[in-house]
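Enquirer: The structure's right below; bear with me while I get my questions together.
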Amino acid sequence: MTNPAPSILPGLGFRQRFPLLALILERFVLSIVLLFAVSIVIFGGLEALPGDFATTYLGQSATPQAVANIREDLGLNRPITTRYVEWLGNAVQGDFGTSWASKNSVSEQIGKRLGNSLFLAGFAAVISVPLAVGLGMLSVHFRNRLPDKIINVISLAAISLPEFFVGYLLILFFAVKFGVATFPATVYDSMGFVERLKAIALPTATLVLVVLAHMMRMTRAAILSVMSSAYMETAELKGLGAFRSIVKHAAPNALAPIINVIALTLAYLVVGVVVVEVVFVYPGMGQYMVDAVTVRDMPVVQACGLIFAAVYIFLNMTADILAIIANPRLRHPR
């Protein structure tokens with residue numbers, strides 16, 4: 001008897017023996033490749049923009065020699081590939097260079113600002129995620145009845161309003177007319193935890209209102225898609241209450257799409273805080289990047305763009321991995 005021919009794909013045996021681990025490794029490698037591609041787009045795209053930092057910094061009356069001297073000092077006369085490789089190598093080590101405008105370390109400034117942005121996004125997530133999942137299950141429980149219709153109408157209205165408009169409305173009513181909230185949302189290192197929560201009340205409320213409706217509607221749709229399954233009918237025939245059957249059987253089986261929408265929402269909370277931070281003058285990454293764009297401070301803009309992309313890709317990768325783990329056919333292959 002002849003021996004079987006070797007597999008053409010060297011990784012086929014590993015994929016068959018460990019399908020769950022193979023899929024997780026595949027998502028991880030794809031995320032690294034995607035982040036590398038995004039870094040090229042960020043660096044090349046900013047280099048292709050019209051205008052010049054030296055001209056912006058010196059003003060229109062600057063002499064050509066002065067502009068040339070600044071470009072020489074900043075290394076802008078070197079080939080773009082050389083500068084990209086040097087920038088990416090330093091960025092991997094956590095060194096984003098020096099701000100052209102302030103002459104401060106970009107990494108140190110980002111360390112302070114990123115903490116503020118993550119605190120704002122994290123607090124908004126702590127409120128919005130459980131509230132969205134709870135309202136989604138409640139909407140399914142009362143589907144096609146008055147509570148479900150009220151929740152759907154309010155969610156549609158919330159989705160239709162852009163975050164900057166919601167923010168300005170909250171400032172108008174709660175900061176200007178009633179005087180019960182703080183504006184602008186200023187935070188500093190020595191501020192206590194409770195004081196910090198009071199300072200970010202309005203931007204947090206804005207983010208919660210913006211993302212809550214989308215998460216709730218996706219949760220509702222995911223649970224409704226499994227409500228007609230045979231095991232749900234069996235649960236009802238056994239006398240299990242409607243809401244209890246949703247919590248115990250429907251929600252766990254709709255976990256994968258719910259995890260995906262939550263992870264994407266968390267990614268939006270981190271990346272989408274730019275507009276909210278500008279509206280509330282909050283000292284986070286978004287405000288830092290916008291200030292850098294106005295003066296064409298490229299090291300800051302590149303660093304912020306790369307970090308935002310890394311967070312977004314990481315959270316999407318996490319969502320994919322959690323969805324894979326939540327799949328029982330992959331956890332328990334035959």
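Coordinate-derived values only; no laboratory data. In this text, all values refer to a predicted model and were calculated from it rather than measured experimentally. Virtual Cβ from ideal backbone geometry, glycine too; neighbours counted across all protein chains shown.
Enquirer: Provide the packing ranking of 91-101, 75-85, 207-217, i.e. peptides ordered by the mean count of other C-beta atoms within 10 Å per residue, highest first.
Expert: 207-217, 91-101, 75-85
Enquirer: How large is the dipole of segment 75-176 about the Cα centre if only Lys and Arg carry +1 and Asp and Glu carry -1, each at its Cβ, rounded to the nearest 20 debye?
Expert: Numbers: 8 positive and 5 negative charges, 26 e Å.
In total the dipole reaches around 120 debye.
Enquirer: Run the quick spin-label model on Arg145 and Ile80: label points 7 Å from Cα toward the beta carbon, then report their separation in nm to one decimal.
Expert: With each label point 7 Å from Cα toward Cβ, the separation is 6.2 nm.
Enquirer: Expressed in nm to one decimal, what extension gain is obtained for the pair Asn104 and Ala68 from 0.36 nm per residue of sequence separation less their Cα-Cα distance?
Expert: 10.7 nm
Enquirer: Pop a pseudo-label 7 angstrom from the Cα along the beta-carbon direction at both Gln93 and Val290 and give the gap in nm to one decimal.
Expert: Calculated label separation equals 3.4 nm.
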